[in-house]
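Here the structure is laid out as structure tokens; the discussion comes afterwards.
The values are calculated or read from the model by the stated rules, or taken from the named source; none is laboratory data. The shown structure was predicted, so the numbers you read here are calculated from the model rather than taken from an experiment. In this analysis, Cβ positions are derived from the backbone assuming ideal geometry, glycine residues included, and neighbour counts consider all displayed protein chains. Protein only, heavy atoms only, side chains kept; ligands, DNA and RNA dropped before computing areas. Shrake-Rupley method; radii C 1.70, N 1.55, O 1.52, S 1.80 Å.
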Number of protein chains: 2
Amino acid sequence: MENIFSDEYFMKKAYQEAQIAFEKGEVPVGALVVVDNKIITRTHNLTELLTDVTAHAEMQAITSAANFIGGKYLTGCTLYVTLEPCQMCAGALYWSQVGKVVYGAADEHRGYRVMGGKLHPKTIVVGGVMGQECGDLVKEFFRQRRK
Amino acid sequence: MENIFSDEYFMKKAYQEAQIAFEKGEVPVGALVVVDNKIITRTHNLTELLTDVTAHAEMQAITSAANFIGGKYLTGCTLYVTLEPCQMCAGALYWSQVGKVVYGAADEHRGYRVMGGKLHPKTIVVGGVMGQECGDLVKEFFRQRRK
């Protein structure tokens, strides 16, 4: 039997979170933290609502997952996020020692790879899962904002 | 008359925050945000208390200052922090477009400069203010922890 719990399976859930952000007028990025195929937190960007540049989806996901686990380190966790993390979020993920990061669309302008940030050397990174859809949602958001 | 509101003046206050962190068993880093020579927030590292790798002094300072100001951007603010920001905090400061960052001790291992992070191009950066004292406090903390 095929494993239904693929990276695409979870990225679809993160994408749903990004859609919720979109509807709220937030830059549409969604994130999940998964442990043993169970979603322990689902979040989306809330920088506008909270008037706080630190309220990226990943930051909230890290804080929330640590609360759930009862420990600071997320070594057994996978973080799914629809957009490549920025250097702030990469830094937070670095400190969390998260086991795996799966992102959707690459961020050519503010992604951690172009900004020069680093994930933890033990973190497995997979990029480009549902990259087209995740990226299109962000593009559509900014297209509507420019109107 | 000499201006009493020097960078050293405010760094001493940030150092007091770091001392409070030390007494709590937190890695001793303190931070302030100052606008027009007024301290609008003072914070210290709370990663242990909150079980949250994102609870660095700077992150809390940014969130708190934005709440105080009622806006996300800290262009008119100076952030004082006793230790060079890590890449996470540098990333958050980048997004905040903070006007000026003054730090105490350089962090040769996890500072944003060695990790590859970036502050905003418009942010003025001053390092090494009370660098010796600020660095000694961190060293003493880890010396005691190793015992």
The range A:11-35: number of residues that are among the acidic types (D, E) and in contact (Cβ under 8 Å) with a residue 12 or more places away in the chain:
2
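Can you pull out every residue in the range A:105-127 that is open to solvent by less than 50 Å² (accessible area, probe 1.4 Å) and not in a helix (DSSP H, G or I)? Explain how you work it out, then say what you get.
Step one: list which residues in the range A:105-127 are open to solvent by less than 50 Å² (accessible area, probe 1.4 Å), which gives A:105-107, A:111-112, A:115-117, A:119-120, A:123, A:126-127.
A:A105, A:A106, A:D107, A:G111, A:G116, A:G117, A:L119, A:H120, A:T123, A:V126, A:G127 - these are the residues of the range A:105-127 that are open to solvent by less than 50 Å² (accessible area, probe 1.4 Å) and not in a helix (DSSP H, G or I).
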Residue in the range A:131-147 that is open to solvent by 10 Å² or more (accessible area, probe 1.4 Å), modelled with pLDDT of 95 or more and either within 14 Å of another protein chain (Cβ to nearest Cβ) or at positive phi (or both) present
no
Give the residue that is nearest to the other protein chains (Cβ to nearest Cβ), with candidates limited to residues of the range B:74-89 that are over 12 Å from B:M130 (Cα atoms) and hydroxyl-bearing (S, T, Y).
B:T75
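Do we find that B:A55 is more than 26 Å from A:L50 (Cβ to Cβ) and either of a type in the set (A, V, I, L, M, F, W, C) or touching a residue at least 40 places away in the same chain (Cβ under 8 Å) (or both) in this structure? Show your work before the answer.
Working: more than 26 Å from A:L50 (Cβ to Cβ): no; either of a type in the set (A, V, I, L, M, F, W, C) or touching a residue at least 40 places away in the same chain (Cβ under 8 Å) (or both): yes.
Answer is no for this residue.
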Residue in the range B:22-31 that is farther than 16 Å from B:V125 by Cα, among the small types (G, A, S) and more than 12 Å from chain A (Cβ to nearest Cβ) present
yes
Give me the pairs: first residue in the range B:135-147 and in contact (Cβ under 8 Å) with a residue 60 or more places away in the chain, second residue open to solvent by 60 Å² or more (accessible area, probe 1.4 Å) and in a helix (DSSP H, G or I), beta-carbon distance under 9 Å, and six or more apart or on different chains, which are they?
B:L137/B:Q19
Looking at A:T82, A:T123, can you tell me which residue is in contact (Cβ under 8 Å) with a residue 60 or more places away in the chain, of a type in the set (S, T, Y) and touching a Phe, Trp or Tyr at 6+ places or on another chain (Cβ under 9 Å)?
A:T82
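Could you please let me know if B:Y94 is under 26 Å from A:H109 (Cα atoms) and of a type in the set (F, W, Y)? Steps first, answer last, please.
Details: under 26 Å from A:H109 (Cα atoms): yes; of a type in the set (F, W, Y): yes.
Against the criterion (under 26 Å from A:H109 (Cα atoms) and of a type in the set (F, W, Y)), B:Y94 qualifies.
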Could you grab me the full set of residues in the range A:102-128 that are at the interface with chain B (Cβ under 10 Å from one of its Cβ atoms) and either of a type in the set (F, W, Y) or touching a Cys at 6+ places or on another chain (Cβ under 9 Å) (or both)?
A:R110, A:Y112, A:M115, A:G117
Of the conditions (1) more than 14 Å from chain B (Cβ to nearest Cβ); (2) in contact with a Gly (Cβ under 8 Å, 6 or more places away or on another chain); (3) touching a residue at least 40 places away in the same chain (Cβ under 8 Å), A:E8 satisfies every one except a single condition; which number is it?
(2)
